[in-house]
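The values are calculated or read from the model by the stated rules, or taken from the named source; none is laboratory data. Everything numeric in this text was worked out from a predicted model, so none of it was measured. In this analysis, Cβ positions are derived from the backbone assuming ideal geometry, glycine residues included, and neighbour counts consider all displayed protein chains.
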Amino acid sequence: MRVLKLFLLALILSAGNLFAQDGGTGNLSELSVYRVKKIINPISVNDGWKSAGWKKMKSVKIQNYMGKVPAFKPDAQAKMTYDDNFIYVIYQVKDRYVRSITQKINGKVWEDSAVEFFFSPEADRPANYFNLEINCGGTPLLHHSKNRPTVADIEQIEIKASLPKVVDPEITDPVTWTMSFKIPLSMLEKYTNVVRPKPGVAWRANFYKIAEINSNPHYITWNEIKNDKPQFHLPKFFGILKFE
């Protein structure tokens, strides 16, 4: 009997370690799914939301609020595509109370009006994720859950913001702004095991819109995060990217 109890205890501890290792998979049937189509011709970060390259791509809505719902609700959407060497993402935000002052890479960009893309290139290990955060002026932050990318590698990400690098004082009138970026897969492979996108491959990810220090603070997600307080770093709530 004692041997059986020890075996069961070991089994429980092992399961707990696996859960901690991958951050929990969550209930997969409840997760949002985005089907990401492959492109033949590369997209430029200068291409707009309605350009030929992006026009046929479906968008996802970033509309699940965490914490206090603001008086003004931004309309935020994102699109994504890929080819053999890059992943491409573009955001469009119909906004107000827009402010951006951080100019240092890996600075506090989340305090500004910003968009964020958290993603794990290993669907079965969502805890091994990158968080790419870019304020509306185009200044980025990139971290990995286990490794810290260098500034030189972060600068390999091509970024195009439609607004100036510094927006201060804040824009209180309605304004639509976009953020486009292009991430080299080869750069990501320096920091984690990347399952390269191709038909049949899936990643875990979430798209966010945030502003902490302005007249209209908010935390918005694509896939819903069930947590009492605003917290984006919960990979078990990442949605599913299905590459086609």
Inset, instruction - Tell me, yes or no, whether segment 140-162 has at least one residue that is in contact with a Pro (Cβ under 8 Å, 6 or more places away or on another chain), surrounded by fewer than 18 Cβ atoms within 10 Å (Cβ to Cβ) and not β-branched (Val, Ile, Thr). - result: yes
Legend entry - Qualifying residues in segment 26-53 (those that are surrounded by fewer than 17 Cβ atoms within 10 Å (Cβ to Cβ) and polar (S, T, N, Q)) - the one modelled with the lowest pLDDT: ASN27
Inset, instruction - Select from segment 214-226 the residues that are touching a helix residue (DSSP H, G or I) at 6+ places or on another chain (Cβ under 9 Å) and surrounded by 14 or more Cβ atoms within 10 Å (Cβ to Cβ) and list them in ascending order. - result: ASN214, THR221, ASN223, GLU224, ILE225
Inset, instruction - Evaluate segment 157-177: report whether one residue or more is part of a strand (DSSP E or B) and out of contact with any strand residue (DSSP E or B) (no Cβ under 7 Å at 6 or more places or on another chain). - result: yes
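Is it the case that some residue within segment 54-64 is within 18 Å of ILE159 (Cβ to Cβ), touching a Phe, Trp or Tyr at 6+ places or on another chain (Cβ under 7 Å) and modelled with pLDDT of 95 or more?
No - not one qualifying residue is present in segment 54-64.
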Inset, instruction - Go through (1) in contact with a strand residue (DSSP E or B) (Cβ under 8 Å, 6 or more places away or on another chain); (2) more than 19 Å from ALA123 (Cα to Cα) and name the single condition VAL33 misses. - result: (2)
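So which residues in segment 91-133 are of a type in the set (A, V, I, L, M) and either part of a loop (DSSP other than H, G, I, E, B) or more than 18 Å from ASN216 (Cα to Cα) (or both)?
ILE101, ILE105, ALA123, ALA127, LEU132
From LYS190, LYS236, which residue is among the charged types (D, E, K, R), in a helix (DSSP H, G or I) and surrounded by fewer than 22 Cβ atoms within 10 Å (Cβ to Cβ)?
LYS236
Considering segment 54-63 alone, what residues qualify as being surrounded by 13 or more Cβ atoms within 10 Å (Cβ to Cβ) and not in a helix (DSSP H, G or I)?
MET57, SER59, VAL60, LYS61, ILE62, GLN63 - these are the residues of segment 54-63 that are surrounded by 13 or more Cβ atoms within 10 Å (Cβ to Cβ) and not in a helix (DSSP H, G or I).
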Legend entry - Residue list for segment 68-90, restricted to those being of a type in the set (Phe, Trp, Tyr) and in a loop (DSSP other than H, G, I, E, B): PHE72
Legend entry - Within segment 117-127, considering residues that are crowded, with 22+ Cβ neighbours inside 10 Å and out of contact with any Leu (no Cβ under 7 Å at 6 or more places or on another chain), the one farthest from GLU170 (Cα to Cα): PRO126
